[in-house]
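Comments concern the structure below.
What follows is calculated from the coordinates using simple rules that are stated; it is not laboratory data. Since this is a predicted model, take the numbers as computed values, not measurements. Cβ placement follows ideal geometry from the backbone for every residue including glycine, while neighbour counts extend to all protein chains displayed.
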């Protein structure tokens, strides 16, 4: 624009000075305006560059925000999908929990029923045991009584035999005496008839008889014969009847004893059958628990229990990792300690008691086996209150409460407890 103005100006000499001055002023003004415009153009360029930079920064941020938004959208979509999956899983878990609760309720009912049955069996077993003890006591009493009765029967039988012999002897003597009396009577009758017929003597008592000099010898002979017969026991028959009645009573007592023995044998057989059933059931439970605890203590080992048919005992077999199956007697000292602990824990797990005291059972164990034992003890402590006497640091760290004995003053012990 300034170039055009300059082209149109004619610097001829004919131009007046006023116009020149005016033109110069206009030129100066134009120069000033040009400089202003150029400065403004520079400022505008600077502003434009700043705006471009800001625009580029905004575009970069917009791209970053767009990318972030896309990422957020993708993350949100993934979260929605994960939410759907979690909801589906939650629904399945709710269904499984409901099914588990139903199963737990059914299991609790079964446990309650089994508990009632077990209580009934235990009560029946206790009753049978008490009855057995009573029968055994009665059996011992009856056995002693039977022995005494046998002795008394033997004594009475001997007395009866002696009395029978005496009675037989007395009867024999009496029969002989009766026979002699009969003979003498016959002789007397014969003599009387002979006296009447031969000598016409009807009453021999009126005749004086000459006493023979040998009559005293005959009298002594007859007296000695009578003395040899012994005394006559007139109560022998009554004593025999009393002994016979006593023998009948003893026979009845003997029959009662036999019946009581048969009843006791039947009761013992019934108790033996019930005991065998309870033992077999308990043995199976203990064996399963023994297998489980052996696996935990030996870190993959195996073990089982077996009934010894020869002596009626129980044998323990174990197979540590990498070894063959061996009886407990053939294991090393540490392995014997582990299998003994497995049996102890199996018995405690089968029939938990409200209270248990374990004294230094962790002494023969190394750290790895001790950790396995502590895990089992923690599980069992949910059902049984366990007091663990130990000097092992690991066992103390796994305890809930530690009780120790300290002696701050000489001769005065003090208990210190720490709850972990």
Degrees between helix 367-380 axis and first principal axis of the chain (Cα, 0 to 90, nearest 10): 70 degrees
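May I ask you to derive the FRET efficiency for residue 136 and residue 384 from their Cβ-Cβ distance with R0 = 25 Å, giving the value to the nearest 0.05?
Numbers: r = 34 Å, r/R0 = 1.36.
The formula returns an efficiency of 0.15 here.
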Projected label distance in nm at residue 302 and residue 179, using a 7 Å step from Cα toward the beta-carbon: 9.4 nm
Computed E for residue 89/residue 416 - FRET, C-beta separation, R0 45 angstrom, nearest 0.05: 0.35
Additional length obtainable on full extension of the chain from residue 310 to residue 291, 0.36 nm per residue less Cα span: 4.5 nm
Rough spin-label spacing in nm, given labels placed 7 Å along Cα→Cβ, for residue 280 and residue 97: 4.4 nm
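With a 10 Å Cβ neighbour count serving as the proxy for reagent exposure, in which order, fewest first, do 89, 399 appear? Present the calculation step by step, with values, prior to reporting the outcome.
Working: 89 12, 399 19.
Neighbour counts put them in this order, fewest first: 89, 399.
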Degrees separating the helix 236-297 axis from the principal Cα axis of the chain, which is the longest one: 20 degrees
Added length on full extension, which subtracts the Cα-Cα distance from 0.36 nm per residue, residue 64 to residue 256: 58.2 nm
DSSP beta bridge pairing in the stretch 352-420, given as percent antiparallel to the nearest 5: 60 percent
Tilt relative to the chain, helix 333-350 - C-alpha long axis, 0 to 90 degrees, to 10: 80 degrees
Separation of alpha-carbon centers, the stretch 81-122 and the stretch 286-322, rounded to whole Å: 32 Å
Residues residue 359 and residue 407, FRET efficiency given R0 of 30 Å [Cβ-Cβ distance, rounded to 0.05]: 0.90
Convex hull volume per residue in cubic angstrom - Cα atoms of the stretch 295-420: 148 Å³
Correct choice for Rg/Rh (Cα atoms, Kirkwood Rh) that was computed from the model, options [x] 1.69; [y] 1.04; [z] 0.97: [x]
Size of the stretch 54-111 as Cα extents on the principal axes (Å, biggest first): 78, 13, 6
Distance in nm between pseudo-label sites at residue 124 and residue 248 (7 Å out along the Cβ direction from Cα): 4.4 nm
Antiparallel content of DSSP bridges confined to the chain, in %, to 5: 75 percent
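Calculate, in whole percent, how much of the Cα-Cα pair population of the stretch 214-353 lies beyond 27 Å. Don't jump to the answer; show the numbers that get you there.
On the way: 5700 of 9730 pairs.
The share of Cα pairs beyond 27 Å in the stretch 214-353 comes to 59 percent.
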Burial ordering of 138, 71, fewest other beta-carbon atoms within 10 Å first: 71, 138
Choice from 381, 340, 224 with maximal GNM fluctuation in the chain (Cα, 10 Å cutoff): 224
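Semi-axes of the stretch 352-420's equivalent ellipsoid from the Cα gyration tensor, sqrt of 5 times each eigenvalue, largest first, rounded to whole Å?
Numbers: eigenvalues 116, 46, 23 Å².
Largest first, the stretch 352-420 gives 24, 15, 11 Å.
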Base-10 log of normalised Debye intensity for the stretch 301-364 (one unit scatterer per alpha-carbon) at q = 0.19, 0.21 Å⁻¹: -0.84, -0.96
Proxy reagent accessibility, fewest Cβ within 10 Å first, across 35, 402: 35, 402
Extension gain from residue 109 to residue 224, taking 0.36 nm per residue of separation minus the Cα-Cα distance: 31.5 nm
